[in-house]
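Q: First the structure, which I've put down as structure tokens, then a few questions once you've had a look.
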Amino acid sequence: MSGLYITGNILAGAGLGLLHMAGLRLTVARLVSSPHPHIWALMSFFARVFLCLAGFWLASGGRAFGMVFCVIGFYAARQVLLRITLGRLPARLKARENA
């Protein structure tokens, strides 16, 4: 495994993580105004999961070792977005999150 392959898989996973979280945010925003929120939530879930799994497969070339690095990148993007969004929460909600 070359360093370029590993770095590419980590970056692809991070990009897919950002895409997944953006889709989740869009879904949550639309659930409020949707006449059938349960259908919207299910369809969004399956679409996001399918896109991430297909992206992992394409980025890694179908190799399990490459998929591991894609998942590492995905998780890293998730953690970064969590830190960014938790920084915007009011103090009373942060205390509840940490409890």
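The values are calculated or read from the model by the stated rules, or taken from the named source; none is laboratory data. These numbers were taken from a predicted model, which means no experiment stands behind them. When we count neighbours, we look across all protein chains shown, and the Cβ atoms used for this are built from the backbone with ideal geometry, even at glycine. Just the protein is used for accessible areas: all its heavy atoms, side chains included, with ligands, DNA and RNA removed. Shrake-Rupley method; radii C 1.70, N 1.55, O 1.52, S 1.80 Å.
Q: Please go through (1) outside any helix (DSSP H, G or I); (2) of a type outside the set (S, T, N, Q); (3) open to solvent by less than 50 Å² (accessible area, probe 1.4 Å) for P35 and return the number of the only condition it doesn't satisfy.
A: Of (1) outside any helix (DSSP H, G or I); (2) of a type outside the set (S, T, N, Q); (3) open to solvent by less than 50 Å² (accessible area, probe 1.4 Å), only one is false for P35: (3).
Q: Another question about this same structure. Quick one: in region 1-32, which of the residues that are open to solvent by 70 Å² or more (accessible area, probe 1.4 Å) and β-branched (V, I, T) is nearest to the chain's Cα centre (by Cα)?
A: Across region 1-32, the extreme among qualifying residues is V28.
Q: Within region 76-87, track down each residue that is touching a residue at least 60 places away in the same chain (Cβ under 8 Å) and either in contact with a Leu (Cβ under 6 Å, 6 or more places away or on another chain) or open to solvent by 70 Å² or more (accessible area, probe 1.4 Å) (or both).
A: Going residue by residue through region 76-87, those that are touching a residue at least 60 places away in the same chain (Cβ under 8 Å) are 76-78, 81.
Scanning region 76-87 gives A77, R78.
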